[in-house]
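Q: Before I ask anything, here is the structure I am working with.
Values in this text are rule-based calculations from the coordinates and carry no lab data. Model, not experiment: these values are computed from the prediction. Don't worry about glycine lacking a Cβ; one is built from the backbone with ideal geometry, like all the others, and counts go over all protein chains shown.
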Amino acid sequence: MNPKPKMNFRTFSTSDRQVSEIGLGCWQLGGADWGAIDDGKAFEILATAMDSGITFFDTADVYGAGRSEELIGRFLKQNPSEVFVATKLGRTAELFPNGYTEAAMRNATENSLRRLGVEALDLTQLHCIPTAVIRRGEVFDWLRRLQKEGKIQRFGASVESDEEALICLQHEGLASLQFIFNVLRQKPAFHVLEEARKRGVAIIVRLPLASGVLSGKMTLTTQFPEKDHRNYNRDGAAFNVGETFAGIPYDKAVKLCDELKAYLPPGLTLAQMAQRWILDHPAVTTVITGASKQTQVLENADVSALTPLSPQLHQRLRHFYDESVAHHIRGAY
């Protein structure tokens, strides 16, 4: 039997709640957008994550039209634990793109409570809602009321750009920000991370492996299922192109990742280096790496125990981003 990996924990926002610095992204459990996944396999992934010391699950009400939330709710009912479940709202047809009302937000919250089988949500996050709606600010008033009523314990925002992140940081009570941040998408490190740290706002990093391309296992001939977003959203046909391969054209992303292999410290895989790079930023609270196999969960969990990358390697990776990557990124950023 493999020994249980050592997991480190970080404080979530200004609370005393500790969460694993490697979390589990649960978009894939919806059974859509990343290819099919049955209930049995989903439960195996969740169980392996929990056994590996992962205590942070991130989901959303639109992942598989609520299926991801339902699976997590069923799993935790059968396996009571101290897992922190973060969900999101704001992208269902009732709300997006111009149906944002307090009643609709309340309805979405009640639906998530029912699917997850809890009396209060650990964290609910605005889910990449339009910038204009964020700027108006009413949504934050509605979230504060839901929090006061005990429906949610904390609220945050999952955003697409630095601009949106900075607007959200102005709002009282914001517990967390979630955004894409990885070796191929480094911009948040230049300003947003420090602003969030100053305000005690937790940082949840999504797509740390840039839709899997930073695993180093994809090639120019890799094929994806028809309903997998890595097929249908390569150029942003369905939603922000930045959510797929960090907004970089697929062929270019594969070539860049092949070049990054020359930077690997001895004994590390590209996926390990990519996740360790994120964890080396102290403002980051948790990295929600997705997994479609138990082995991937274990490999991701192991990253917590790895030695930080050297300052020299961080400098080289920043130079690589500036010179070879930044000008290829498309979409809101």
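Q: Could you give me the ³J(HN,Hα) list for segment 93-102, computed from phi with Karplus coefficients 6.51, -1.76, 1.60 and θ = phi - 60°, whole Hz, x at Gly and Pro?
A: Listing the rounded values in order: 4, 5, 9, 8, x, 9, x, 7, 10, 5 Hz.
Q: PRE reach from residue 47 (point 7 Å along Cα→Cβ): which of segment 59-97 fall under 14 Å by backbone N?
A: Counting backbone N atoms under 14 Å from the label point, the list is 75-80.
Q: Can you give me the long-range amide H partners of residue 121? Hydrogens built in the peptide plane at 1.01 Å from N, cutoff under 5 Å, separation of 5 or more residues or another chain.
A: Those lying under 5 Å, H to H, from residue 121 are 152, 153.
Q: How high is the relative contact order of the chain, in percent, with contacts defined as C-alpha pairs under 8 Å that are six or more residues apart?
A: Once normalised by length, the contact order is 22 percent.
Q: Please pull out the direction-averaged projected area of segment 17-328, using the convex hull of its alpha-carbon atoms, in nm² to one decimal place.
A: 14.8 nm²
Q: Determine ³J(HN,Hα), in whole Hz, for all residues of segment 165-174 in sequence, where each value follows from phi through the Karplus function 6.51 cos²θ - 1.76 cosθ + 1.60 and θ = phi - 60°; x replaces Gly and Pro.
A: 4, 5, 5, 4, 5, 7, 9, 4, x, 5
Q: A further question on this structure: Taking N as the number of residues in segment 222-312, what value does Rg over Cα atoms divided by 2.2 N^0.38 Å take?
A: For segment 222-312, the normalised Cα radius of gyration is 1.22.
Q: With θ set to phi - 60° and the Karplus curve 6.51 cos²θ - 1.76 cosθ + 1.60, what are the ³J(HN,Hα) couplings of segment 112-122 in order, to the nearest whole Hz, using x for Gly and Pro?
A: Result, rounded to whole Hz: 5, 4, 5, 5, 7, x, 10, 8, 8, 7, 4.
Q: Something else now. Counting only residues 5 or more places away or on other chains, whose amide H sits under 5 Å from the amide H of residue 24 once H atoms are built in the peptide plane?
A: 56, 57, 58
Q: So what's the Cα pair-distance distribution over segment 1-142, bin width 10 Å, in %?
A: 11, 39, 34, 14, 2, 0
Q: Out of all DSSP beta bridges with both ends in the chain, state the antiparallel percent to the nearest 5.
A: Around 10 percent of the beta bridges assigned by DSSP in the chain are antiparallel ones.
Q: Between residue 32 and residues 5 or more places away or on another chain, which pairs have amide H atoms under 5 Å apart, with H built 1.01 Å from N, and which residues are they?
A: HN-HN under 5 Å from residue 32: 64.
Q: Shifting gears a bit: So what's the projected area for segment 148-222, the Cα convex hull averaged over all directions, in nm²?
A: Quarter of the Cα hull surface area: 6.5 nm².
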